[in-house]
Amino acid sequence: MNSTKPKKLLDQVRDALRVKHYAYRTEVSYVQWIRRFILFHDMRHPKDMAAAEVEAFLTHLAVEENVAASTQNQALSALLFLYRFVLQQPLPESIDSVRARQSKHLPVVLTQEEVKSILQHLQGTHQLLAKLLYGSGMRVKEGLRLRVKDLDFAQSQIIIRDSKGNKDRVTMLPQSISALLQAHLVQVKQTHLDDLALGYGAVYLPFALGRKYPNADRQWLWQYVFPAPQRSVDPRSGVTRRHHLDDAALGRSLKQATQKASVDKKVTCHTLRHSFATHLLQNGYDIRTVQERLGHQDLKTTMIYTHVLNKGGLGVRSPLD
């Protein structure tokens with residue numbers, strides 16, 4: 001007789017998320033929402049509940065806890081995943097009617113002078129990374145996950161792999177920081193060699209590449225361009241590795257630099273990407289070129305940047321002026 005106990009529900013959720021290559025942060029978030037859903041309904045098993053209980057939980061989040069639309073939709077996505085891929089009991093399509101409508105806000109955009117001032121108040125690796133994000137239009141996660149092999153100094157380009165939508169794209173590598181970036185890599189390589197000498201030096205490889213190429217995780221080309229200052233334990237595998245920089249640390253540095261630069265705007269890492277797109281349009285590049293650099297699937301997503309332009313052919317002059 002097989003005495004192996006079936007896995008607990010949340011462990012089944014984790015397994016399903018990993019099979020589909022969801023990010024670790026998404027895994028943590030989905031598991032948290034499913035746990036809250038179960039607690040809200042007095043520890044009832046989700047297989048004994050359905051759309052009515054899901055709607056009640058989402059209504060509680062919106063009315064009682066007054067959560068943001070994006071938060072409510074994240075909870076819904078977690079529960080849709082649970083019922084479809086774990087319990088094999090897909091919820092009816094009508095459940096989508098409770099999805100919160102998100103407000104559409106114009107992005108915060110910096111002037112080129114404001115960008116320059118903020119960058120001057122950053123230091124070291126954070127300054128270099130911020131320059132790269134602004135100069136290439138990458139999302140912060142894309143910049144943090146860059147591997148050495150993704151940088152093409154000869155052609156001044158960056159290959160961004162497995163970005164949003166699991167698609168690859170190419171963007172520019174700013175020539176003004178090429179020498180700084182190469183000097184940075186010299187230091188990173190020395191850190192990697194030191195890790196190897198201590199018996200470490202392996203890096204996380206996606207999509208089971210570690211099994212396909214057993215020694216690739218220790219090769220220089222696969223190392224992160226912006227590694228963390230300290231090694232840490234991988235929460236999934238338990239292996240001690242050197243991960244990439246933490247985006248929260250960069251965000252704090254950027255906030256402090258914004259205050260020192262006396263820029264009265266809410267600036268995040270993503271603001272650099274917004275500014276990149278807007279400045280390209282201001283410099284005369286067409287909307288399709290900007291769309292390709294940003295990696296937007298829908299041109300409508302890129303079109304939002306035309307609304308923040310205040311001069312040029314897309315601008316409108318006030319009759320008072």
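The values are calculated or read from the model by the stated rules, or taken from the named source; none is laboratory data. For clarity, every value in this text was computed on a predicted model and none was experimentally measured. Backbone-built Cβ (ideal geometry, glycine too); neighbour counts: all protein chains shown.
Restricting the stretch 257-288 to residues that are small (Gly, Ala, Ser) and closer than 22 Å to LEU144 by Cα, which is surrounded by the fewest Cβ atoms within 10 Å (Cβ to Cβ)?
ALA257
Quick check: anything in the stretch 56-67 part of a loop (DSSP other than H, G, I, E, B), surrounded by 13 or more Cβ atoms within 10 Å (Cβ to Cβ), free of Cβ contacts under 8 Å to residues at least 12 places away in the same chain and under 25 Å from the mean Cα position of the chain (by Cα)?
yes
Can you report the number of residues in the stretch 72-117 which are under 22 Å from the mean Cα position of the chain (by Cα) and assigned to a helix (DSSP H, G or I)?
Final tally of qualifying residues: 11.
Looking at the structure I just gave you, is SER275 part of a helix (DSSP H, G or I) and modelled with pLDDT of 95 or more?
It is true that SER275 is part of a helix (DSSP H, G or I) and modelled with pLDDT of 95 or more.
Run ASN66 past the list (1) closer than 21 Å to GLN32 by Cβ; (2) at pLDDT 95 or above and report the number of the one that doesn't hold.
(2)
Applying the selection to the stretch 44-55, what residues are without any contact (Cβ under 8 Å) to a residue 40 or more places away in the chain and either under 19 Å from ARG14 (Cα atoms) or in contact with a Leu (Cβ under 7 Å, 6 or more places away or on another chain) (or both)?
HIS45
What about SER232, is it in contact with a Phe, Trp or Tyr (Cβ under 7 Å, 6 or more places away or on another chain) and of a type in the set (Ser, Thr, Tyr)?
It is false that SER232 is in contact with a Phe, Trp or Tyr (Cβ under 7 Å, 6 or more places away or on another chain) and of a type in the set (Ser, Thr, Tyr).
If the requirement is being under 25 Å from the mean Cα position of the chain (by Cα), without any contact (Cβ under 8 Å) to a residue 12 or more places away in the chain and not in a loop (DSSP other than H, G, I, E, B), which of these qualifies: ARG18, ARG25, ARG35?
ARG25
Condition (residue is in the same structural domain as THR240 (by TED's automatic domain parsing) and assigned to a helix (DSSP H, G or I)) applied to the stretch 155-174: is it met by at least one residue?
No, the stretch 155-174 has no match at all.
Would you mind stating whether LYS131 is crowded, with 19+ Cβ neighbours inside 10 Å, of a type in the set (Lys, Arg) and in the same structural domain as TRP222 (by TED's automatic domain parsing)?
yes
Taking the options ALA56, ALA62, ALA16, name whichever one is farther than 24 Å from PHE207 by Cβ and in contact with a helix residue (DSSP H, G or I) (Cβ under 6 Å, 6 or more places away or on another chain).
Every option except ALA62 fails the conditions.
Check the stretch 213-231 and report whether any residue there is on the phi > 0 side of the Ramachandran plot, exposed (fewer than 13 other Cβ atoms within 10 Å of the Cβ) and without any contact (Cβ under 8 Å) to a residue 12 or more places away in the chain.
Taking every residue of the stretch 213-231 in turn, none turns out to be on the phi > 0 side of the Ramachandran plot, exposed (fewer than 13 other Cβ atoms within 10 Å of the Cβ) and without any contact (Cβ under 8 Å) to a residue 12 or more places away in the chain.
Residues that are in a loop (DSSP other than H, G, I, E, B), among the aliphatic types (A, V, I, L, M) and within 23 Å of HIS279 (Cα to Cα): does the stretch 179-198 have at least one?
No, there is no match, as no residue in the stretch 179-198 is in a loop (DSSP other than H, G, I, E, B), among the aliphatic types (A, V, I, L, M) and within 23 Å of HIS279 (Cα to Cα).
Checking the condition at pLDDT 95 or above, farther than 26 Å from ASN166 by Cβ and more than 24 Å from the chain's Cα centre (by Cα), which residue from ALA261, ALA257 passes?
None of the other options fit; the residue is ALA261.
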